[in-house]
1. Under 20 °C and 1.002 mPa s, how fast does region 132-277 diffuse according to Stokes-Einstein, given a Kirkwood radius computed over C-alpha pairs? Answer in µm²/s, whole number.
2. What are the ³J(HN,Hα) values, in whole Hz, obtained from phi via the Karplus relation 6.51 cos²θ - 1.76 cosθ + 1.60 with θ = phi - 60°, for each residue of region 237-248 in sequence order, with x given for Gly and Pro?
3. ³J(HN,Hα) across region 140-147 via Karplus (A = 6.51, B = -1.76, C = 1.60, θ = phi - 60°), whole Hz, x for Gly/Pro?
4. Along the charge dipole of the chain, Cβ charges K/R +1 and D/E -1, which of MET331, LEU56, PHE34 sits furthest on the positive end?
5. Taking 7 Å along the Cα-to-C-beta vector as the label spot, tell me the TRP38-GLU74 distance in nanometres, rounded to one decimal.
6. Ignoring ligands, DNA and RNA, how do LYS156, LYS25 rank by accessible area with a 1.4 Å probe, largest first?
7. With the convex hull built on the Cα atoms of region 80-135, state its orientation-averaged projected area in nm².
8. Using a Gaussian network model of the chain whose springs link C-alpha atoms within less than 10 Å, name the residue from GLU314, GLU139, GLU150 with the highest mean-square fluctuation.
Amino acid sequence: MRILLSLVSALAISAAAVPAFAQEKLTIYTYESFTAEWGPGPQVEKAFEAECDCDLEFVSVADGVALLNRVRLEGASTKADIVLGLDTNLTAEAEATGLFAPSGTDLANVNVPGGWTDDVFVPFDYGYFAVVYDTEKLENPPKSMKELVEGDPEQKIVIQDPRTSTPGLGLLLWVKAVYGDEAPEAWAKLQKRVLTVTPGWSESYGLFTKGEAPMVLSYTTSPAYHVIAENTKRYQAAAFEEGHYLQVEVAGITTTGAKNPLSQKFMAFMTGPGFQDVIPETNWMFPAGRTEKPLHPAFADLVQPAKTLTFGPEEVAENRKAWVDEWLAVMSE
């Protein structure tokens, strides 16, 4: 009888240790500004969990390039089901790791400049890199990359590190697209205007809005935040005559996530209004999928690039290390 009572007791303890309604879980690696309280993460998490009756967990790192570095380091043992926050400058390199699986996502809702055919990565937003300036501190902002590079060294800019940040990589590619083989000479001149180089976008923009520098590398869409959230046109994007570099941000299912049915559900959710309606006024980028809400009128007043600059993913993958080394050699002097 004592043995029977012990067995019954053990079974009771075991049953009590298991939640009555254990939920399925989806783990998404992304960047810090996505999961900030003002970013899209909290609203996306709430909307998807209401739809899937599951537990969505975000794990964030500083910025987009750092995401790829972390997943590559973790390898096939990564806990990420989905990586959200790479961009088209990293997709070829990410796919070459063998750590991502075909998304299986219906791309009918996807709408980005130049169209989309990739069967592994799915866009969730897009935008154009820009120099954003403080109109109260800079009366004559640069009108071209040449004016930025050759301008007054006393008028500083904060930029991001291309080794960890997708905007930092974007500026490196923007300069390369404009200057080609003369990019090192351009960086040598621009270096005199750089106040500091931060690991990610959030730190840079924070320094800018605190008044540490009159310019920051950001996006043509950034001024919309200040108009809508702060009711001010103090911060503007400078229109560059050579054109602006395009960024398309993407998400991909890992080989780990390919075994989780929630991964494909999230990717389908990501291309629809439950996700896309949140993007313009939290991530301050253009939606890359179907929305139900129109853009706020402030978006109509933003800089419209006269020309779109971009490199193909394969070309970036082939040259990224050499171009970053080229940048590092100049910036370390």
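The values are calculated or read from the model by the stated rules, or taken from the named source; none is laboratory data. Keep in mind that this is a model prediction, so the values were computed, not measured. All Cβ positions, glycine included, derive from the backbone under ideal geometry; neighbour counts span all protein chains shown. In case anyone asks, the SASA skips ligands and DNA or RNA and just uses the protein heavy atoms, side chains included. Shrake-Rupley method; radii C 1.70, N 1.55, O 1.52, S 1.80 Å.
1. Values: Rh = 17.0 Å.
In µm²/s, the coefficient rounds to 126.
2. With the stated coefficients, region 237-248 comes to 8, 7, 7, 9, 5, 7, x, 10, 7, 7, 10, 10 Hz.
3. Taking θ as phi minus 60°, the curve returns 10, x, x, 9, 7, 5, 4, 5 Hz for region 140-147.
4. LEU56
5. Placing both labels 7 Å beyond Cα along the Cβ direction yields 2.8 nm.
6. Values: LYS156 55, LYS25 95 Å².
Heavy-atom accessible area, descending, gives LYS25, LYS156.
7. Values: hull surface 22.7 nm².
If you wrap the Cα atoms of region 80-135 in a convex hull and average its projections, you get 5.7 nm².
8. Between GLU314, GLU139, GLU150, it is GLU139 that shows the largest mean-square fluctuation.
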